Amino acid sequence: MNKILIIIRREYFEAVKKKSFIIMTILGPLLMAILVLTPALLVKYAKDDTTITVLDESHLFSNLNSPNDKSIHYVYSNKSLSELKNDLLSKEIKALLYIPYNSVTPGGMLYTTSSLGRGVTSNVLASMKRNLSNEILLNEFNISQDSLNIYIENQTNKIMLGQTFINKNGEESHKESYHKDVQLAIGFISGILIYIFIFMYCSMVLRNVFEEKTNRIVEIITSSVKPIQLMIGKIVGVAFIGLTQLLIWIVSLVILLGVVQVSFPTVFSNDNTNIAVTENLPDDYYQYKPANSQIAEIQDSNIMDNEFVAALANINFTQLILMFLFFFITGYFLYASLYAAIGGAVDNNADTQQFMLPITLPLLLAFIVSQYIAENPGGSIAFWFSIIPLTSPIAMLIRLPFGIEAVQSWEIILSCSLMLIGCMVAVWIAAKIYRTGILMYGKKITYKDLWKWIKYNQ
């Protein structure tokens, strides 16, 4: 036991003293935020502006605009069609929308000399439909499209669908449909985090074992300790590294949120929400809005905020955090043991990739089907994925935020029990492979060889 503790201390302090560990611990949350936000920002801001020249002979589309895509702009022209085509060929204009006079079916033709990008044609068509409907509303009913849309949205947003769950004792619990969105988001975040952490720290175990074997350092170490002690020491040492890093990230996040809330209190205030909404209403909105709907609007002004709070209050965060720690530790030990076995069995990178695929495939499969599990957390696929040890760390954490309606207490107990058994089996198998393979060099390892090592009685 003392030798294992020595190995744990060695692995832990060697890692935490490295500049790479310190840098990643400090910059890790920032890098993850950048990774998440960058695609969204690129989609929002990295679009090239497209100016479309419009020749409208029908006089039905006098105010084209693209509310769904602010990068598309329309410029009207009085030139002839032939002149505009020449301008298009000479690159003076980028695109030409020609709308001829047609008393039966109004429509147009979009002329271009190069691709405008995905979705431009559909946006132009949507703009034409919106403009024509607005013209009809103004001419026939004296109502603007924006006013009508706001009125419809305000009325339809008041529609709520409740859900009542009846347990075996006949007791009822009520949940609003809005709760599911919050539960789904928390479940996805938990599943993604545990996937990232398990993969990241298991890869660290594999890398450390493989480097020591290829550098022949392991020959010196195994002269003083048993291979099984070395393997367990490495796995536990890296586990402490992961928990340390995770704790620092959590504390840093809490402190950061506190600083932001104190420094920018207005960001978290919603006192002016109703004012902002009211100010943005079109002038003719109240011309046809029912008088009693204004009272209802005031009463419902904070519905979304209240629903969000209610959804969070409905989630058992204590259970979620405890289960996250349990499945993180057990899932890490299960996969880290197998990773250590592979690192000890092979002596080149090509073989490492060959044996890693079957091990990582179940975890990757659980990640792929996570969307289905979140949409139907009480289904059979969600159940089986949550009790199989290789997939349960992700599947069960996705299901837990949905509460007792999605996962029963006996399912949690069964999943945890099988996870512990799977963890012990993985450690036993890994110890068999690691003990034989760690001192073996120059031999092409096959699955048949691994099976023989597992069956060895030593």
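The label point for residue 135 and the one for residue 16, both projected 7 Å from the Cα toward the Cβ, are 7.2 nm apart. Take the Cα of residue 255, step 7 Å toward its Cβ, do the same at residue 153, and the gap between the two points is 4.1 nm.
Between amide H atoms placed 1.01 Å from N, distances below 5 Å from residue 50 occur with 72, 73, all of them 5 or more places distant or on a separate chain. Segment residue 428..residue 189, full-extension length gain: 82.9 nm, with 0.36 nm per residue of separation and the alpha-carbon distance subtracted.
Applying 1/(1 + (r/R0)^6) with R0 = 25 Å to the Cβ-Cβ distance of residue 353 and residue 224, what FRET efficiency is obtained, to the nearest 0.05? Could the numbers behind the result be given before it?
On the way: r = 32 Å, r/R0 = 1.27.
According to the calculation, E is roughly 0.20.
A simple count of charges around residue 238, restricted to other residues whose Cβ falls under 14 Å of its Cβ and scoring Lys, Arg +1 and Asp, Glu -1, yields +1. For residue 76, the residues 5 or more places off, or on other chains, whose built amide H falls under 5 Å of its own are 54. Neighbours of residue 107 by Cβ distance under 13 Å: Lys/Arg scored +1, Asp/Glu scored -1, total -1. Ranked by the mean number of other Cβ atoms within 10 Å of their residues, highest first, the peptides 201-213, 368-380, 443-455 come out as 201-213, 368-380, 443-455. Taking amide H positions as modeled 1.01 Å from N, with prolines and chain starts lacking one, the residues under 5 Å from residue 95 and 5 or more places away or on another chain are 53. The charge dipole of the stretch 389-454, taken about the Cα centre with unit charges on the Cβ atoms of Lys, Arg (+1) and Asp, Glu (-1), comes to about 600 debye, rounded to the nearest 20. Summing Lys and Arg as +1 and Asp and Glu as -1 over all other residues whose Cβ lies under 13 Å from the Cβ of residue 201 gives a net charge of +1. Of 226/455; 18/444; 19/432; 18/432; 85/129; 17/444, which pairs sit farther than 28 Å apart, going by alpha carbon to alpha carbon? Beyond 28 Å between Cα atoms: 18/444; 19/432; 18/432; 17/444.
Mind ordering 189-197, 346-354 by average Cβ neighbours within 10 Å, highest first? Numbers along the way, then the final one.
Numbers: 189-197: 18.3, 346-354: 14.6.
The packing order, highest mean first, is 189-197, 346-354.
Every number in this text was worked out from the coordinates using simple rules, so none of it is lab data. Note that this is a predicted model, so its numbers are computed, not measured. We place every Cβ from the backbone using ideal geometry, glycine too, and count neighbours over all the protein chains shown.
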